[in-house]
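Scroll down for the structure; my scribbles are underneath it.
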């Protein structure tokens, strides 16, 4: 896939604010605010409907069976369970058998039918329900991921306004755009194709592509991406790339490709299902056919073979694997981490490398005024400068303007009235405050290439001091905002993205779990990324990355033999989430595509829950190994007893059920609250 050229964002990106809008509400352009939710309903899939029917039949039959009701009351219900839950895996198993492959689906159906043949209807029905439910959940997860990938295409508008050589406009479907076409993008519209600005200035929210937390100023010559949201200025954009090759289209292709090429995921027990299945079937047939050929009676021979099938069936082995993983999933879900499947939980236990996104993952994704620096000779202190800037920004709708106003209000500062408010896209705002003209915005625009004022030494010196303050803030990874009064700079504000309170502790915990420090992969500016990384305790920083670059970073670690956990939240993170060994999405601010692509979701955005989930998954894996040892030992004892002597059917059933109950109870230990506290670590 060819790389996409990108102009890296600058930390002194000018901000634009909304001037009063005189456009009528009906004429005002509308734009989607994100990816619409296209959820496949749980019961919309045939697999889910059959599984639900089997489960309902089982729940209805179980109490009747256990309470000793006549067989005619619960028999038809069990038959419904076998039919509804068993026909699809049975058919799939027969198709696999036609390809000379014996899979566990067919083995489970045969074992269930064998159990029914000797009167153990409950055992067989339980096995059918487990497998039918598992298959249904997998089908729903696959369908919802596909829905979300298709919904991503809605980020790019269906139509764009193309300007003809005679100056007239025409609305055309975006797929008809060609390289070189000139587009008109009005305020509030989404850009229809990748290209460069030919005329105009505005701020563009391109978080869906680069993950930057703040809108980026665009002027002639700057690159823009399809699907990103234009701010308050009008732009004329020259199409530079075919719509089918846009960054958004590439994200869709990368997610689909990663989903298709990702190694098949299987639980541990499924990796040995072929040998176990073949061995069990061969042994059962031999135990039935050989004695029968030697003249043994049919009924006791069949009973012995069925007893063997019951005691050797992998019920206990399946339950050895599932309860620990399902209990870990339930415990994690109770504490705000939704792990989508037992396979994902098992994979989470295997990770040995971590890559973290910045905006919305390590940080909260909202601008924060971190530095207030009045300039010498301004006559203002920090509170005075912040109150002056807040008064000018009070009518602003730009994220930077709202951050300034919020900072002033948090300090309890009274904001003097402002009049004559005006906003210039890509530059900033101007208003009259206390009889003076106050401007707040881009240092590059407000200072300009030459000094303001009459050119006196004092004016030149003031501009030089302001430029030094701006440079110092930018070198520290801040976005610099200049404040001027009557054309003279009076102070500089440093705006940053707020690091999550538990970020540093989470980084340290992940490093301890995986044996190495996490990496930071972000589309944001390198200076900002390095500052955030330093605060969080991360040394490996990769900044200015587009979605395909994040995927390449994951592939690079995987080529080293690492199993990579990626944590992110945006559309631009989705390809990396799909390509990773395990992807975890932040739930509150996460895009639909990221939430559906990820294997797990941190619902409450508590970053510390990520290492806790990894630790819990590792404990679940240890319990799986314990259970497999227990189940394997008991199965071996019962099988040897049945082969070497005469194993009474009631004893075989009791031993089989006892091993199943034992491993199940062992796995359920992870449901306890103490298991999560232990995963969080000491002092939590």
Is the range 325-332 home to any residue that is touching a strand residue (DSSP E or B) at 6+ places or on another chain (Cβ under 8 Å) and either farther than 21 Å from residue 577 by Cα or free of Cβ contacts under 8 Å to residues at least 24 places away in the same chain (or both)?
-> yes
Within the bounds of the range 514-526, is there any residue that is in contact (Cβ under 8 Å) with a residue 60 or more places away in the chain, crowded, with 24+ Cβ neighbours inside 10 Å, over 17 Å from the mean Cα position of the chain (by Cα) and over 24 Å from residue 226 (Cβ atoms)?
-> yes
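Matching residues to (1) at positive phi; (2) surrounded by fewer than 17 Cβ atoms within 10 Å (Cβ to Cβ); (3) modelled with pLDDT under 90:
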position: 365; (1), (2), (3): yes, no, yes
position: 373; (1), (2), (3): no, no, no
position: 377; (1), (2), (3): yes, yes, yes
position: 424; (1), (2), (3): no, no, yes
position: 439; (1), (2), (3): no, no, no
Considering 610, 566, which residue is under 26 Å from residue 667 (Cβ atoms) and either modelled with pLDDT of 85 or more or assigned to a strand (DSSP E or B) (or both)?
-> 610
Which residue pairs have Cβ atoms under 9 Å apart, sit 6 or more places apart or on different chains, and have a first residue in the range 538-550 that is closer than 11 Å to residue 523 by Cβ and a second that is part of a loop (DSSP other than H, G, I, E, B) and at pLDDT 85 or above?
-> 542/522; 543/522; 544/522; 545/522; 550/357; 550/522
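Let's see how each residue does on (1) out of contact with any helix residue (DSSP H, G or I) (no Cβ under 7 Å at 6 or more places or on another chain); (2) assigned to a loop (DSSP other than H, G, I, E, B); (3) touching a residue at least 12 places away in the same chain (Cβ under 8 Å):
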{"position": "388", "(1), (2), (3)": "yes, no, yes"}
{"position": "397", "(1), (2), (3)": "yes, yes, yes"}
{"position": "404", "(1), (2), (3)": "no, no, yes"}
{"position": "412", "(1), (2), (3)": "yes, yes, no"}
{"position": "416", "(1), (2), (3)": "no, yes, yes"}
{"position": "419", "(1), (2), (3)": "yes, no, yes"}
{"position": "429", "(1), (2), (3)": "no, no, yes"}
Could you please give the count of residues in the range 503-527 that are within 13 Å of residue 359 (Cα to Cα) and touching a helix residue (DSSP H, G or I) at 6+ places or on another chain (Cβ under 8 Å)?
-> 6
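The values are calculated or read from the model by the stated rules, or taken from the named source; none is laboratory data. Bear in mind that the values here come from a model prediction, so they are computed numbers and not experimental data. A quick note on method: Cβ atoms are made from the backbone with ideal geometry, for glycine too, and the neighbour counts reach across all protein chains shown.
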